[in-house]
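Peer 1: Mind having a look at this structure? Questions to follow.
The values are calculated or read from the model by the stated rules, or taken from the named source; none is laboratory data. Predicted, not measured: the structure shown is a model, and the values here were computed from it. Neighbour counts are summed over all protein chains in view; Cβ atoms, including those assigned to glycine, are modelled from backbone coordinates with ideal geometry.
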Amino acid sequence: MPNRLDLPAGFRWGASTAAYQIEGAVDEDGRGPSVWDVFAARLGAVRDGATGRVACDHYHRWPEDVELMRGLGLDGYRFSIAWSRVLPAGAGAVNVGGLDFYDRLVDGLLADGITPMPTLFHWDLPQALEDGGGWLARDTAYRFAEYAELVVDRLGDRVPAWITLNEPFVHMVFGYALGIHAPGRTLMLDALPAAHHQLLGHGLAAAVLRERGHEVMIANNLTPVWPASEAEADVAAAAAYDALHNRLFTDPLLLGSYPDLSAYGVGEDLGGCVRPGDLKLIAGPGLDGLGVNYYNPTRIAAPTEPGGLPFVEAEIEGVPRTAFGWPVVPDGLRELLVGLRDRYGAALPPITITENGCSVADEPGPDGTVHDQPRIDFLAGHLDALAAAVAEGVDVRGYFTWSLLDNFEWAEGYQQRFGLVHVDFETQVRTPKASYAWYRDLIASHQK
Ligand code: IFM
């Protein structure tokens, strides 16, 4: 069996974060409000009333955080740019101080030999754009391309590859369909324009980036979908779920078409928001790389009552769980990657794992050490599964773990800790966990 040390030479090791989850400094140096500032301020929206107001205070402590990355021996660091830090109203007046922050960060990373890999949108839409309809409005896609142009013109001389969007599926479902995340809309299937407009924004921004000679990626949260049984109804329900979760966000990019959503009573124009030429723009000349965020498979059964969604989620039994309660299935990563290769064939670009990791209820022990063995087991298992997919011929170029630091885990506030580095949110003291040493040693052994 191949293992993680068999990953090819030149394989890139990294860690990921996102702006609202770590930066804090929400009203410093001219940053404008984002949907997450507004949503988190709503009573009951986030566990314990937590917000990203301070988070990991990365805005001020980034040199210490870059030092932690250097200690790991990372090749790359995936972070996101807060749109409202550089364009406080989402469009129009530029906040040069915001751009300066990312400029310093990029220089700091490069000085330590770490390649910056920015994501342009990780869910923190400027509130001013949300007030104009957010991603339900087609206009937001065009504003996104202008924002991309501004950022690439400032950082592009030092940043080779860009990720346009993070997990547009989760943003559409949690943010616009269910209201669990910002902006807190509960539109169910009427949220579909938020999918199309994000993808259109990707296409428009990708054209800007490519014109300037940059590589373009997107980070999709993908899941293997398991029918709860071999019964025809369960298999059909699983296919319907796969279309919504996976294919809706990958087919248009790689095949230039939307999947069949007839199980949802929706046609190819996603309820009318798709205009002629949009799919061509979204697919463009293809992606330079597909970012895959993998956490767990999803088991799906047929609905028991008529009239609702064409699927229900079923429990995955007999596997360990993370502190969040998510099933731990390392081989799901191999299955996902091999499945992508089989589904998309020559249209599939090289893959980078842009997120993978787990929450552990870990705190420093009496000796000051954070013993997060479940995270080490999780990472080891998933990296071995990744190596197995590579041995089966899937072209995977890198692995970015989620996350460098414990951080603001959206609606869960500060309850779920995903970091290789423990953060005390009272004192901001950073304590590298046992998994930090493990990842550092793995990177060093692999690079030998
Ligand atoms: O924290 C999130 C991240 O922002 C997006 N992907 C999943 C992570 C864990 O929930």
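Peer 1: Go through the stretch 201-223 and give me each residue that's among the charged types (D, E, K, R) and either at pLDDT below 95 or not in a helix (DSSP H, G or I) (or both).
Peer 2: R212, E215 - these are the residues of the stretch 201-223 that are among the charged types (D, E, K, R) and either at pLDDT below 95 or not in a helix (DSSP H, G or I) (or both).
Peer 1: Checking the structure you have, find out if any residue of the stretch 398-409 is surrounded by fewer than 24 Cβ atoms within 10 Å (Cβ to Cβ), at pLDDT 95 or above and more than 16 Å from the ligand (Cβ to nearest atom).
Peer 2: Scanning the stretch 398-409, I find at least one residue that is surrounded by fewer than 24 Cβ atoms within 10 Å (Cβ to Cβ), at pLDDT 95 or above and more than 16 Å from the ligand (Cβ to nearest atom), so the answer is yes.
Peer 1: So D27 clears everything in (1) under 19 Å from A148 (Cα atoms); (2) away from the ligand (no atom under 16 Å from the Cβ) except one condition, right? Which one?
Peer 2: (1)
Peer 1: Checking the condition in contact with a Pro (Cβ under 6 Å, 6 or more places away or on another chain) and more than 16 Å from the ligand (Cβ to nearest atom), which residue from D278, D251 passes?
Peer 2: The unique qualifying residue is D251.
Peer 1: Can you name every one of the strands (runs of 3 or more DSSP E) wholly within the stretch 346-448 that holds 3 or more residues which are among the β-branched types (V, I, T) and under 24 Å from the mean Cα position of the chain (by Cα)?
Peer 2: It comes to 351-355.
Peer 1: Right, V151: over 17 Å from the mean Cα position of the chain (by Cα), crowded, with 19+ Cβ neighbours inside 10 Å and not small (G, A, S) or not?
Peer 2: Judged against the criteria, V151 is a match.
Peer 1: If D342 passes every condition in (1) part of a loop (DSSP other than H, G, I, E, B); (2) without any contact (Cβ under 8 Å) to a residue 12 or more places away in the chain but one, which one does it miss?
Peer 2: In the conditions (1) part of a loop (DSSP other than H, G, I, E, B); (2) without any contact (Cβ under 8 Å) to a residue 12 or more places away in the chain, D342 misses (1) alone.
One line per residue, one yes/no per condition, for (1) within 30 Å of G272 (Cβ to Cβ); (2) without any contact (Cβ under 8 Å) to a residue 24 or more places away in the chain; (3) over 19 Å from the mean Cα position of the chain (by Cα):
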| position | (1), (2), (3) |
| --- | --- |
| G44 | no, yes, yes |
| G52 | no, no, no |
| C56 | no, no, no |
| H60 | no, no, yes |
| V66 | no, no, yes |
| F79 | no, no, no |
| G92 | yes, yes, yes |
| V106 | no, no, yes |
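Peer 1: Report yes if F144 is within 30 Å of D75 (Cβ to Cβ), within 16 Å of the ligand (Cβ to nearest atom), in a helix (DSSP H, G or I) and at pLDDT 95 or above, otherwise no.
Peer 2: So F144 fails the test.
Peer 1: Would you tally the residues in the stretch 84-107 being among the hydrophobic types (A, V, I, L, M, F, W, C) and closer than 30 Å to Y439 by Cβ?
Peer 2: Qualifying residue count for the region: 3.
Peer 1: Name, by its number, the condition in (1) outside any loop (DSSP other than H, G, I, E, B); (2) surrounded by fewer than 24 Cβ atoms within 10 Å (Cβ to Cβ) that does not hold for G256.
Peer 2: (1)
Peer 1: Looking at E412, E355, E392, which is the one that is within 16 Å of the ligand (Cβ to nearest atom), within 22 Å of G10 (Cα to Cα) and charged (D, E, K, R)?
Peer 2: E355
Peer 1: Since D377 meets every condition but one in (1) at pLDDT 95 or above; (2) within 25 Å of R247 (Cβ to Cβ), which condition does it not meet?
Peer 2: D377 satisfies all of (1) at pLDDT 95 or above; (2) within 25 Å of R247 (Cβ to Cβ) except (2).
Peer 1: Within the stretch 98-112, count every residue that is surrounded by fewer than 21 Cβ atoms within 10 Å (Cβ to Cβ), within 14 Å of D65 (Cα to Cα) and not acidic (D, E).
Peer 2: Going through the stretch 98-112 one residue at a time, the tally reaches 4.
Peer 1: While we're here: Test L129 against the criterion of being away from the ligand (no atom under 16 Å from the Cβ) and on the phi < 0 side of the Ramachandran plot, and give yes or no.
Peer 2: Taking the combined requirement at face value, the residue satisfies it.
Peer 1: Which pairs do you get when a residue that is farther than 21 Å from Y241 by Cβ, found in the stretch 164-190, comes within reach of a residue that is surrounded by 23 or more Cβ atoms within 10 Å (Cβ to Cβ) and among the charged types (D, E, K, R), reach meaning Cβ atoms under 6 angstrom, with the pair 6+ apart or on two chains?
Peer 2: From the stretch 164-190, the pairs are P183/E130.
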